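The values are calculated or read from the model by the stated rules, or taken from the named source; none is laboratory data. Only a predicted model underlies this, so the values are computations on that prediction, with no experimental measurement involved. Glycine also receives a Cβ, built like all others from the backbone with ideal geometry; neighbour counts cover every protein chain displayed. With ligands, DNA and RNA removed, areas are computed over all heavy atoms of the protein, side chains included. Shrake-Rupley method; radii C 1.70, N 1.55, O 1.52, S 1.80 Å.
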Amino acid sequence: MEGFFLGRQPILDRNQNLVAFELLFRREETDKSAAITDDLSASANVIINAYCQLGIQNVLGKLRGFVNANPELVMSDIISLLPTKHVVLEIRETETITAEFLARCSELKQKGYQFALDNIVEINDKIEKLLPIVSVVKVNVLAIEKPQLTKLVAELNRWPVLLLALKVENREQEALCRQLGFQMFQGYYFAKPEVMAVKRADPGKLALLKLLTLAMGDSDVEELEKEFKHQPGLSYNLMRMVNSVANGLPQKINSIKHAIMILGRQQLRRWIQLLLYTADQADGGVSNALMQTAAARGKLMELIAIAERPHDKNHHERAFMVGILSLLDTLLGMDMQQIIDKLGIPEDMSQALLTRDGRLGQELKLVEANEKGEVTAIQSILNDLGFISLSELADIELQAIGWANRIGESVD
């Protein structure tokens, strides 16, 4: 596969449950702010080829994916390669909206495809032609002031559409959009974990942090088992997780000690890290969205490390842990330095987590840029690293996302 990479931006509902992703497929030369190249037909083929090669279920799991659909893509026969149950086709207002285009959209809608109207800031004659077709309207809340936004929402409420607040960047914008009745939310306030609301770490997560400290040290199985038994809920979660990945065993795992021994120290550390993101079920969607991001981030870091040093298993494990731990400050509402001090993390991992310095830090920057679809930054870091290409990054990212989806399903 040449010249593809994949970015995913979470889309959440009013309860902050993860319900979909916007998928960012780009060609190598595409500018980071452009959804479509000048060669629209080529861009359409890039999207379709990426879907066919990546496998949509590997990318999305059970969620939906919003994908930009320019007129050439909508009018082409290759649109039928996209499964109706997995995608929402994003269309935009264009200079000319032809009768043929509207008829084609209506035909696809009858076949089960859903459409979203992207980047809306006002209603005009062209928008009114598209509104009967779409199920979701994505309103660019960053581009309009409160009075205009309030008026726009009132106008859109005349249509049977779901409203998605696009480019939500802070708590105030989210509160306003929630008050106005938006059903879905997308933006850096959710997608960039470092700007999410900081909250006090709950006791369950702090207990898991203690467990992780023990697992990273020289503690024996009995000491770990004892700590787990202090937290019955966490013990239950661990047993569920271990049994879900141990289907090949002749008997079910029926004790904490047995689970620890089956997993081994390395896998135990990984499961504890992931449990941290699911321990507080009252937090629901945000924890789930963070868990998905952290799991994919850790696995992608590990696969990048394998590409760099195929035989250095210690390096692979450290890279995985940097990826998973990189979101713990957001999850726990703690300063990253505090977490590093508690866990006794080695210097190269600490540098990566605190300042994105060193080899692991550079690779973490690559993963973060890839999540946000920042083409220029991705290519620059790839050039600096010098051992992995854009197409190779896309291949291993698919593996990482598939792994994260399987993990997510096992803890639902």
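Rounded to the nearest 0.05, what FRET efficiency do residue 342 and residue 257 have when you use their Cβ-Cβ distance and R0 = 30 Å?
The value I calculate is 0.75.
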Could you list which residues have their amide H under 5 Å from that of residue 22, counting only those 5 or more apart in sequence or on another chain, with H placed in the peptide plane? 9, 11, 66
Under 25 Å Cα to Cα from residue 205, which lysines show up? Leave out anything in the same chain fewer than 8 places away. 192, 226, 229, 257, 299, 342
At 1.4 Å probe size, what's the solvent-accessible area of residue 118? Round to the nearest 10 Å². 10 Å²
Cα-based Lys pair tally, region 77-172, threshold under 29 Å, eight or more apart or on separate chains: 27
Between the modelled labels at residue 95 and residue 391 (7 Å from Cα along Cα→Cβ) the distance in nm is 3.5 nm
Under 17 Å from a label point 7 Å along Cα→Cβ of residue 123: give me every residue in region 167-182 with its amide N that close. 180-182
Between residue 243 and residue 142, 0.36 nm times their residue separation minus their Cα-Cα distance comes to what? 31.8 nm
Net length gained if the chain between residue 230 and residue 179 were fully extended (0.36 nm per residue, minus Cα distance): 14.2 nm
Theoretical FRET efficiency, 1/(1+(r/R0)^6), r = Cβ-Cβ of residue 75 and residue 312, R0 51 Å, to 0.05: 0.50
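Compute the signed sum of charges (Lys and Arg +1, Asp and Glu -1) over the other residues within less than 9 Å, Cβ to Cβ, of residue 266. Can you show the working numbers first?
Values: positive: 265, 269, 270, 313; negative: 317.
It works out to a net charge of +3.
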